[in-house]
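The structure under discussion appears below in the form of structure tokens.
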Amino acid sequence: MQTTRSVTDTVYVMESTVPNSPESFGDKTNELVMVFDFAVDEARRRAAVLRAIGAHWDPAVVLANEQAACEMLYSGLDGPTQHIYDYLVAARVIPRRQSGNDVAD
């Protein structure tokens, strides 16, 4: 896992009497390099996510509930809807639901 990220961008300082003229972009002698480090912001974002989901969050229970919801959503489809479901599974847009000993695509 990458713990620090930085983005480097080059900003060209232009001295021209005409703003955005082609001549103003030709001279790159006044080059300013800026570096942005997002490590602190990423750590702050992760802490906010963990604080928002709380200590009671159990990923195994969440995954089981999500799989049960998908099973309910795609079970008992009528003919045309089943055809659309099969088409989407064949195109790998959605995964085939796993019930019992089924194996995923």
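The values are calculated or read from the model by the stated rules, or taken from the named source; none is laboratory data. What you see is a predicted model; the values in this text were computed from it and never measured. Reconstructed Cβ throughout: ideal geometry from the backbone, glycine too, with neighbour counts over all protein chains shown.
Among (1) of a type in the set (Asp, Glu); (2) at pLDDT below 90; (3) surrounded by 10 or more Cβ atoms within 10 Å (Cβ to Cβ), which single condition is residue 102 missing?
So the condition that residue 102 fails would be (3).
Take the residues in the range 66-80 that are surrounded by 11 or more Cβ atoms within 10 Å (Cβ to Cβ) and not acidic (Asp, Glu); name whichever of them is farthest from residue 97 (Cα to Cα).
If we take residues in the range 66-80 being surrounded by 11 or more Cβ atoms within 10 Å (Cβ to Cβ) and not acidic (Asp, Glu), then 77 is farthest from residue 97 (Cα to Cα).
Working carefully through the options 56, 83, find the one that is modelled with pLDDT under 90 and either at negative phi or surrounded by 10 or more Cβ atoms within 10 Å (Cβ to Cβ) (or both).
So the residue among 56, 83 that is modelled with pLDDT under 90 and either at negative phi or surrounded by 10 or more Cβ atoms within 10 Å (Cβ to Cβ) (or both) is 56.
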